[in-house]
Amino acid sequence: GGEKEVGKLIEPNELCTFERLLVSDDIRKQIQMGIDLIQHRKDLDDDWGMNEISPQQNRCIMNFVGPPGTGKTLTAKCIAKLLGKKLYQVDYSEMISKWVGDTGKHIKAAFVNAKKHDAVLFWDEADSLMSKRIESGEENGNTSINQNRNILMQELDQYDGIMLTATNFFKNYDEALLRRI
């Protein structure tokens, strides 16, 4: 369809290799575990019936946490390159709209576009999108913020692809969203 392009499609280049990634052995092992889950999902389904527990066969969500400059975006590019896919990068700050309902439409469009391009969906600045919902009784403008969180959760529940998120403020994530990662 004619979905608004809310992100940018990136073709990872030859510099996007795990050898260039400067991370601890522990972090490298965690990344490799995520990649192994993606690459061996069919085996998990066949051997352990994983599909009965988690029916979205191609779904994998990984979250990268750390201050700016620690390699979160490079890691996302490396994973996409390793999987032979492009990266569909979405920065939440570019999705925010002053028009009621448009931010929610942009969230939906990000998922649609990633699927259309058969790309790994990468949310940068994810803490802005995934932060805790605001309690009722607070300002009325917060209703749309909560609606955006709900739209994101609905899209995540239906998404059957690879999604990576990056944040500097992991402690702000909404508990309901964390259960989906």
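Every read-out reported here was derived from the displayed coordinates using simple, explicitly stated rules and does not represent laboratory data. Since the structure is predicted, the reported quantities are computational estimates derived from the model, not experimental observations. Counting neighbours? That spans all protein chains shown, and the Cβs are built from the backbone with ideal geometry, glycine included.
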Which residues qualify? For residue 125, with a placed amide H closer than 5 Å and at least 5 residues away or on another chain, they are 166
Using the per-residue mean of other Cβ atoms lying within 10 Å as a proxy for protection, in what order, highest first, do the peptides 73-80, 88-95 fall?
-> 73-80, 88-95
Burial ranking of peptide ranges 156-165, 106-115 (average Cβ count within 10 Å, highest at the top) | 106-115, 156-165
Roughly what would the spin-label model give for residue 146 and residue 14, points 7 Å off Cα along C-beta, in nm?
-> 5.4
Short version: ³J(HN,Hα) in whole Hz for each residue of the stretch 21-35, in order, from phi by Karplus 6.51 cos²θ - 1.76 cosθ + 1.60 (θ = phi - 60°), x for Gly and Pro, what are they?
-> 7, 9, 9, 5, 4, 5, 5, 4, 5, 5, 4, 5, 4, x, 5
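Sum up the charges of everything whose Cβ sits under 14 Å from the Cβ of residue 78, counting Lys and Arg as +1 and Asp and Glu as -1, but leave residue 78 out.
Local charge sum for residue 78: +4.
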If amide H atoms are built 1.01 Å from N in the plane of the peptide, which residues on other chains or at least 5 residues away come under 5 Å of the amide H of residue 60?
-> 161, 162, 163
Of the listed pairs 42/72; 86/116; 72/108; 81/108, those with alpha carbons more than 21 Å apart are 42/72; 72/108; 81/108
